[in-house]
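Working notes, structure below.
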Amino acid sequence: MTEKLKKIILKDYKWIILFICIILFLSILEDVFEYETLALDYSVYNIVVKGMRNPILTNVLKIITNLGSAVALITITILSLIILKNKKIGLCITINLALSTILNLLLKNIIQRPRPEGYRLIEETGFSFPSGHSMVNTAFYGLLIYLIIKNVKNQKLKYCLSLLISILIFSIGFSRIYLGVHYTSDVLAGFLISIAYLIVFTTILHDILKLEKEK
């Protein structure tokens with residue numbers, strides 16, 4: 001029975017992760033609807049916003065948050081369309097960026113959570129939940145990790161690039177809390193829903209590419 005369970009888990013692990021991400025997202029969403037600011041948000045704000053801010057770190061995180069801006073992501077997308085020999089990959093990157101952005105805007109306008117007030121170091125407009133930077137960048141750079149793992153043959157380079165991009169994703173999310181434009185729950189929700197989305201998107205992409213190879 002144990003061996004059978006292990007096989008099921010190993011075979012369907014990504015769907016288990018997707019299920020867990022959605023459950024956690026819905027749990028945060030329920031708390032957001034019930035309470036304007038969560039206890040987690042207060043705790044992290046006290047540590048990050050009140051305890052960690054200094055001029056050097058602020059400048060670094062402003063640069064990092066700009067790596068997740070619309071301008072940066074669109075620029076990378078256009079470059080991928082121009083530089084990559086496989087134009088289908090560039091097209092997939094473009095579609096992924098468009099879909100994740102639309103999904104984020106839909107969720108924001110449905111939930112309509114106001115942004116935190118009083119601690120902002122940069123100006124932002126629009127609703128707060130889920131964080132657009134966290135959600136769209138996790139989908140965008142997460143897809144790049146997927147493509148690197150699937151296409152880069154050098155093992156050390158593959159895992160080094162994947163690790164660096166993963167750190168970038170986390171850093172962009174952290175920067176949004178530090179700069180005072182998002183609650184921690186906004187960022188966590190962005191990560192969670194984007195991981196769930198990315199599992200579906202990469203599964204469809206894998207099936208499409210597999211069919212193309214078979215032809």
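The values are calculated or read from the model by the stated rules, or taken from the named source; none is laboratory data. Everything quoted here is computed from the prediction, not taken from an experiment. In this analysis, Cβ positions are derived from the backbone assuming ideal geometry, glycine residues included, and neighbour counts consider all displayed protein chains.
Let's see how each residue does on (1) at pLDDT below 90; (2) closer than 22 Å to LYS14 by Cα:
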site: LEU105; (1), (2): no, no
site: ARG115; (1), (2): yes, no
site: GLY118; (1), (2): yes, no
site: PHE129; (1), (2): no, no
site: TYR141; (1), (2): no, yes
site: ILE149; (1), (2): yes, yes
site: ILE169; (1), (2): no, yes
site: ASP207; (1), (2): yes, yes
site: LYS215; (1), (2): yes, no
For this session: Identify the residue in region 53-89 that is basic (Lys, Arg) and surrounded by 11 or more Cβ atoms within 10 Å (Cβ to Cβ) and, among all such residues, is nearest to THR138 (Cα to Cα).
Result: LYS62
For this session: Please go through region 148-169 and pick out each residue that is surrounded by fewer than 19 Cβ atoms within 10 Å (Cβ to Cβ) and hydrophobic (A, V, I, L, M, F, W, C).
Result: ILE148, ILE149, VAL152, LEU157, CYS160, LEU161, LEU163, LEU164, ILE165, ILE167, LEU168
Problem set entry | Residue in region 177-188 that is over 26 Å from MET52 (Cβ atoms), without any contact (Cβ under 8 Å) to a residue 60 or more places away in the chain and assigned to a helix (DSSP H, G or I) present | no
